[in-house]
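A.B. asks: Pasting a structure below so you can have a look.
The values are calculated or read from the model by the stated rules, or taken from the named source; none is laboratory data. Since the model is a prediction, treat every value here as computed from it, not as a measurement. Ideal geometry is used to build each Cβ from the backbone, glycine not excepted, and the neighbour counts take in all protein chains shown. Note: accessible area is taken over every heavy atom of the protein model, side chains too, but ligands, DNA and RNA are not part of it. Shrake-Rupley method; radii C 1.70, N 1.55, O 1.52, S 1.80 Å.
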Amino acid sequence: MESFGLALTGTGAKGAFQIGVLRYFEQNRMFSYLSAVSGAAVGAVNAVLFALRDFKRAQAVWNSAEMRALLTPSVGFAVTWLDGKPYGVFRADRVTDLLRRLPLHELCRSNTRVCFSAPAVQHHRETVLCVNAMPRTEEILEVLTAAATVPFPYPEAKLGDAALTEPEQTDQAAPPDPAAPMLPVFHAGCTKMIVVTADPAFSIDRSRFAAINSQIIQPGEWMLKAAAGQSRGLMPQQPKAGIKIPQQTNQTAVTRLINDGYVCAHRALSARQLSAY
């Protein structure tokens, strides 16, 4: 098997699905081939967990009080509404609190690069940031927090003086680019990529990534029916009055999602497919 990159989409409370894939990687000794990983929203947190290569640690993080706080809307917290969508329902400091639980200093010893994108405003092009090479933990925290706190659930994230969302997108309340987690891995030079998402409708725009040999790990309809009621979306689609507090993640739901992720990884990455991949 050749080296590959990994892209983790943002899926809210369903992000525990990606930890099941981490478990599969660990048991099948795939980490030695994982050259780069990136993620958006909660996928950014999971990207660090993949680089640390420890399933038990990742499972403990997803069952922690900090993760439950991160995935809980801030009742009474100031909320701005744009185009019928909440902007700033969740608190960025809770993301930072969770990230401080992780041994970020160990990333410098990881063979897996943790990459994120940020706009280089002065050059009008995208820049890839690799946190493994950053000497200060606070600098790593700044990048990770910015990558994990995407509008509209969070207030606008900034890295230094540059906003991570282009102003025209924010003004028009445009949805996040679904390919965002793939771009840093692509720009990092990976020609093979695995994308992990809990969204069964996710697909790769082949016109943008024609040069990449890609594989998607995602739940099928059969799994969604079996897991109905285990995990709900974090954000109301079209709230009419006030904010409905969604079901929080709990240990039972986390365990189910991890198991689902493991099964889907096993189905997608069979021995025959891996040898070809």
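A.B. asks: Would you pick out the residues in the range 13-54 that are open to solvent by 10 Å² or more (accessible area, probe 1.4 Å), of a type outside the set (Gly, Ala, Ser) and assigned to a loop (DSSP other than H, G, I, E, B)?
C.D. replies: Listed by number, the residues that qualify are 28, 29, 53, 54.
A.B. asks: Just one of (1) modelled with pLDDT of 95 or more; (2) in contact with a Lys or Arg (Cβ under 6 Å, 6 or more places away or on another chain) trips up residue 69, so point out which.
C.D. replies: (1)
A.B. asks: Here is a check on your reading of the model: is residue 223 open to solvent by 40 Å² or more (accessible area, probe 1.4 Å) and at pLDDT below 70?
C.D. replies: So residue 223 fails the test.
Yes or no, residue by residue, for (1) modelled with pLDDT of 90 or more; (2) open to solvent by less than 80 Å² (accessible area, probe 1.4 Å):
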site	(1), (2)
106	yes, yes
115	yes, yes
136	yes, no
173	no, yes
179	no, yes
